1. Under a point spin-label approximation (7 Å from Cα along Cα-to-Cβ), what is the D221-Q196 distance to one decimal in nm?
2. Are there GluC sites (Glu not before Pro) in region 151-228 that DSSP puts in a loop and that have at most 10 other Cβ atoms within 10 Å, and which ones?
3. Efficiency by 1/(1 + (r/R0)^6): what FRET value for Q114 and D136, r their Cβ-Cβ distance, R0 = 45 Å, to the nearest 0.05?
4. May I ask for log10 I(q)/I(0) of region 1-61 at q = 0.14, 0.22, 0.29 Å⁻¹, from a Debye sum over the Cα atoms as equal point scatterers with solvent left out?
5. For W180 and R14, what is the calculated FRET efficiency with R₀ set at 35 Å and r taken between the beta-carbons, to the nearest 0.05?
6. Give me the percent of the accessible area of region 16-105 that comes from carbon and sulfur atoms, probe 1.4 Å, all protein chains in place.
7. Quick query: amide H of L210 versus all other amide H atoms, modeled in the peptide plane; which residues come in under 5 Å with a sequence gap of 5 or more or a different chain?
8. Accessible surface of I200 in the full protein assembly, 1.4 angstrom probe, to the nearest 10 Å²?
Amino acid sequence: MKALLIEDNAVLARQITEFLGDNGVVVDYAMTARHGTHLALSETYDLVIVDVMLPDSNGFEVTKSIREKSAIYLPILMLTARDAIADKTEGFTAGADDYLTKPFDLHELLLRCQSLCRRHQLYQPKVLKVGPLTLDSVARVAHRNGHPLHLGQIPFQILETLVEAHPQPASRALLIHRIWGDEPPETDALKSHIYQLRHILDKGFDYPMLKTVTNLGYRLDLGAADEA
């Protein structure tokens with residue numbers, strides 16, 4: 001599990017980072033809403049833990065921004081000393097998945113993080129459909145307009161990530177992390193796999209679906225459906 005912690009209390013942040021790290025969770029850390037939001041949208045995480053009170057904004061605004069701009073769904077756990085029902089209502093309305101009131105036991109934090117990640121994985125759809133594309137993430141098969149796309153493992157992973165991200169683009173960083181984790185290849189292997197995917201996905205069809213987004217990554221274009 002890889003988590004992003006957005007917390008301005010350095011002592012608490014160190015305690016959380018060390019405890020989660022000792023229990024197999026890789027933690028990135030941000031002290032401000034601005035830095036945390038940037039990391040959430042540019043890096044790849046399984047979970048975001050965000051404090052409500054931050055020096056430059058608040059956890060509600062961070063959560064709203066992630067929900068509006070993230071290409072994928074990120075489970076978000078809020079930390080706060082404010083335990084009024086109105087505060088919890090605002091947190092859940094902003095898009096939080098869980099709410100933990102300070103002070104809390106670090107073991108409970110770990111359990112909630114694990115539960116959120118399991119829940120997120122459990123409710124991921126097995127069959128993904130975007131426009132003319134259908135992907136079965138269990139059988140690992142894909143079709144465009146009913147025609148089978150004979151994809152290798154990595155091109156399928158790329159297409160699956162693009163479908164999940166649509167209509168937003170998927171960054172190169174996200175694609176590389178999804179395929180190779182924390183051990184990316186030294187060469188630009190992604191480029192060659194994108195070439196393979198583009199050839200299989202678009203050859204013989206009315207219009208190209210796989211588009212390059214300059215200085216970012218790639219996205220799926222549904223043609224007239226995207227323009228509507």
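1. Modelled inter-label distance: 2.4 nm.
2. Loop-located and lightly packed - E186.
3. Efficiency at R0 = 45 Å is approximately 0.95.
4. -0.34, -0.82, -1.25
5. Efficiency computed from Cβ-Cβ geometry: 0.75.
6. 52
7. Excluding prolines and chain starts, which carry no amide H, the hits are D221.
8. 50
The values are calculated or read from the model by the stated rules, or taken from the named source; none is laboratory data. Quick caveat, the model's predicted, so the values are computed rather than measured. Here the Cβ is made from the backbone with ideal geometry for all residues, glycine too, and neighbour counts use every protein chain on show. Only protein heavy atoms, including side chains, enter the accessible area calculation; ligands, DNA and RNA are left aside. Shrake-Rupley method; radii C 1.70, N 1.55, O 1.52, S 1.80 Å.
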